[in-house]
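Remarks on the structure that follows.
Nothing in this text is a laboratory measurement; each read-out follows from the coordinates by a stated rule. None of these values were measured; they are calculated from a predicted model. Note that each Cβ is placed from the backbone with ideal geometry, even for glycine, and that neighbours are counted across all protein chains shown.
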């Protein structure tokens, strides 16, 4: 049988396959285009979010490394330079000048929610809500050998 069997109101209806007219083809084309747009748009959005996360993590790690204590074998000149850099970074963190890729201020917590005997630099992530290092927050921090750092940031 070449026909198509449909059920309408409880009765079988047999008929020949119908070809799509110009309007039907246009509707199918729009559905295919809309589906492709959603798939590609979703992939682009995911790619953009991952790129922003990478940039934010790199910024957090750079700040963490700059705030890491100077090792005992550093020269006095390097120690003084580090202290000035650290002071400037801490001031700018307090003022909310370091932003993540979504435009939210990076926050410093000491002790940190993740590194309880050190400090954490925290981005509230894409949702912009500070969740103490949970949820979609991005965190980079450091545990210190001698306990917590004596720095805080009042960034809100």
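Our Cα-only numbers for segment 20-143 put the radius of gyration and Dmax at 22.3, 83 Å.
With the simple spin-label model, which puts each label point 7 Å out from Cα in the Cβ direction, the residue 117 to residue 85 separation comes to 2.6 nm. So, R0 is 30 Å and r is the distance between the beta-carbons of residue 47 and residue 95; what FRET efficiency does that work out to, to 0.05? Given R0 = 30 Å and the Cβ-Cβ separation, E is 0.40.
A Förster distance of 35 Å, applied to the separation of the beta-carbon atoms of residue 54 and residue 30, puts the FRET efficiency at 0.45.
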